[in-house]
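In what follows, a structure is listed as structure tokens, so that the remarks can point back to it.
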């Protein structure tokens, strides 16, 4: 079974609107971290936001927030007030401490296009 | 200032000719990773170092080797590049291997094999 599933290969959003990028995960490890990265066409992976498995509150970082639903094993990224510079590929990733030696597993990514 | 630096950004090599990609970091992180990323796909972990301990992924071809002479530098050697090895190669670091430590990535080296 795939550990990280991103079901949206491509998404479009109008500038200044909010958009949600979906991510579901599969693990039996009680200790894990969930990460979102942005990859512009230049290639660099940019860390956006982190959510720990034991965190009680949803993570927020500026315009980014993570909708963490532990029972449903989902960790969706919400980008508010989209900007043209948000157009990029977005990857959801997971680190499992006990079962995968802390290595990151990535989803297949979602390409976000922000329209003016 | 860039904290994880990969050189070169673009590399063209001939089929079968050994090539080395380099990565350096100014973060003094314990862990360094090499990923291969083909177009529009997820990055695939090739191997990682935890300090001096080398950890190879089970499905990483023998054609790929790595060296970490010190904390700051890590190299990816491709002994005999094939056309299928053309990809973006990403180097990343993390302070530790814990669940709460994010990875910091370099800008990648895009390898073309001709």
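The values are calculated or read from the model by the stated rules, or taken from the named source; none is laboratory data. Treat the numbers as computed from the prediction; the structure is a model and nothing was measured. Cβ coordinates were reconstructed from backbone atoms using ideal geometry, including for glycine residues, and neighbour counts include every protein chain displayed.
Might you let me know whether region B:48-56 holds any residue that is buried (at least 18 other Cβ atoms within 10 Å of the Cβ), in a loop (DSSP other than H, G, I, E, B), within 12 Å of chain A (Cβ to nearest Cβ) and modelled with pLDDT under 95?
Let us first name the residues in region B:48-56 that are buried (at least 18 other Cβ atoms within 10 Å of the Cβ), namely B:48-49.
Adding the requirement that they be in a loop (DSSP other than H, G, I, E, B) leaves none.
No - not one qualifying residue is present in region B:48-56.
Table: residues versus (1) touching a strand residue (DSSP E or B) at 6+ places or on another chain (Cβ under 6 Å); (2) modelled with pLDDT under 90; (3) within 9 Å of another protein chain (Cβ to nearest Cβ).
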position: A:20; (1), (2), (3): yes, no, no
position: A:31; (1), (2), (3): no, yes, yes
position: A:46; (1), (2), (3): yes, no, yes
position: A:59; (1), (2), (3): yes, no, no
position: A:64; (1), (2), (3): yes, no, no
Restricting attention to region A:68-102, report how many residues are free of Cβ contacts under 8 Å to residues at least 60 places away in the same chain, surrounded by fewer than 16 Cβ atoms within 10 Å (Cβ to Cβ) and either over 18 Å from residue A:24 (Cβ atoms) or in contact with a strand residue (DSSP E or B) (Cβ under 9 Å, 6 or more places away or on another chain) (or both).
-> 5
Over 23 Å from residue A:107 (Cα atoms) and outside any strand (DSSP E or B): does that describe residue B:17?
-> yes
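When you check residue B:93 against the structure, is it more than 8 Å from chain A (Cβ to nearest Cβ), touching a strand residue (DSSP E or B) at 6+ places or on another chain (Cβ under 7 Å), part of a loop (DSSP other than H, G, I, E, B) and under 21 Å from residue A:94 (Cα atoms), yes or no? Give the steps one after another, and end with the answer.
Details: more than 8 Å from chain A (Cβ to nearest Cβ): yes; touching a strand residue (DSSP E or B) at 6+ places or on another chain (Cβ under 7 Å): yes; part of a loop (DSSP other than H, G, I, E, B): no; under 21 Å from residue A:94 (Cα atoms): yes.
No, not satisfied.
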Out of all the residues in region A:13-22, is one or more touching a residue at least 12 places away in the same chain (Cβ under 8 Å), in contact with a helix residue (DSSP H, G or I) (Cβ under 9 Å, 6 or more places away or on another chain) and either surrounded by 14 or more Cβ atoms within 10 Å (Cβ to Cβ) or under 24 Å from residue B:97 (Cβ atoms) (or both)?
-> yes
(1) farther than 30 Å from residue A:54 by Cα; (2) within 11 Å of chain A (Cβ to nearest Cβ); (3) touching a residue at least 40 places away in the same chain (Cβ under 8 Å): which one isn't true of residue B:40, the others all being true?
-> (3)
